[in-house]
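The values are calculated or read from the model by the stated rules, or taken from the named source; none is laboratory data. Not measured: the values here are computed from a predicted model. Here the Cβ positions follow ideal geometry from the backbone for every residue, glycine too, while neighbour counts run over all protein chains shown.
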Amino acid sequence: MRCPKCGKDNNRVIDSRSNTDRTATRRRRECLICGARYTTYEYVEHILPRVIKRDGCRELFDRSKMERGLLSACQKRKIPSSEITRLIDEVIFELEHTNAAEVPTELIGKLIMERLRKLDAVAYVRFASVYSAFDDVQQFMAAVNDVGLDAKPEERPRRRRNS
């Protein structure tokens, strides 16, 4: 680590601690040449696999694409943004630990849908309808039936409204 004042790399660590969410290590350093003190942060580098699209092309993983798709599926649902962020983090964690250089979009979609199904059935069906690119109504209805939304309105249990 080079000193920001003199540019030399002869320093010592005075203090070291993790930040509150344990995603970084904060180190207080002192340059042994000029005596300047400075702080550095050490982060784990996340190396995500490349994504193989349906048409066979490959591209870098883009978290924002996953986030946009989930936000669209969860629009007007009472799902806290922290839950969406947690879902994305879980999928990314799993992708990092596949140790694969490349993963197909089908795997990413499957991982998202597994978690989204547990989180919110309507958001799951919305995401599945776009992700799976249904060709006909029967495929859509199969996805609806898969999450147990197949009851007719008069057969569904009534929700109590909070006053």
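Among the numbered conditions (1) more than 16 Å from the chain's Cα centre (by Cα); (2) within 20 Å of D62 (Cβ to Cβ), the only one that A128 does not meet is (2).
Cβ-Cβ distances below 6 Å connect the following pairs, each with a first residue in the range 37-48 that is at negative phi, a second residue that is part of a loop (DSSP other than H, G, I, E, B), and a separation of six or more residues or different chains: Y38/P4; T40/M1; L48/F61. When the residues of the range 1-17 are narrowed to those that are in contact (Cβ under 8 Å) with a residue 12 or more places away in the chain and in a strand (DSSP E or B), which ends up surrounded by the most Cβ atoms within 10 Å (Cβ to Cβ)? Result: N11.
Filter the range 93-125 down to residues that are assigned to a helix (DSSP H, G or I), β-branched (V, I, T) and within 16 Å of the chain's Cα centre (by Cα) and give me whichever is nearest to C74 (Cα to Cα). Give the derivation first.
Of the residues in the range 93-125, the ones assigned to a helix (DSSP H, G or I) are 93-96, 105-119, 121-125.
Among the residues that remain, those that are also β-branched (V, I, T) are: 105, 108, 112, 122, 125.
After this cut, where a residue has to be within 16 Å of the chain's Cα centre (by Cα) as well, the list is 105, 108, 112.
Numbers: T105: 20, I108: 17, I112: 12 Å.
Out of the qualifying residues, it is I112.
Taking the listed residues E96, E114, E67, E59, the one that is acidic (D, E), farther than 30 Å from N145 by Cβ and surrounded by 12 or more Cβ atoms within 10 Å (Cβ to Cβ) is E96, with no other qualifying.
This table checks each residue for (1) at pLDDT below 95; (2) closer than 30 Å to R2 by Cβ.
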residue	(1), (2)
D21	yes, yes
R28	no, yes
R37	no, yes
Y43	yes, yes
I92	yes, no
I108	yes, no
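Set side by side, the residues V130, V122 differ, and just one is of a type in the set (A, V, I, L, M), assigned by TED's automatic domain parsing to the domain that holds R77 and at pLDDT 80 or above, which is V122.
Of the residues making up the range 70-82, those that are part of a helix (DSSP H, G or I) and buried (at least 16 other Cβ atoms within 10 Å of the Cβ) number 2. From the list T39, T20, the one residue that fits, being assigned to a strand (DSSP E or B), out of contact with any helix residue (DSSP H, G or I) (no Cβ under 6 Å at 6 or more places or on another chain) and hydroxyl-bearing (S, T, Y), is T39.
Can you tell me which residues in the range 77-95 are touching an Asp or Glu at 6+ places or on another chain (Cβ under 7 Å) and within 17 Å of H46 (Cα to Cα)? Write out each step before concluding.
Residues of the range 77-95 that are touching an Asp or Glu at 6+ places or on another chain (Cβ under 7 Å), as a first pass: 77, 79, 88.
Listed by number, the list holds a single entry, I88.
Return yes when I84 is touching a Cys at 6+ places or on another chain (Cβ under 7 Å) and at pLDDT below 95 and no when it is not. Taking the combined requirement at face value, the residue satisfies it.
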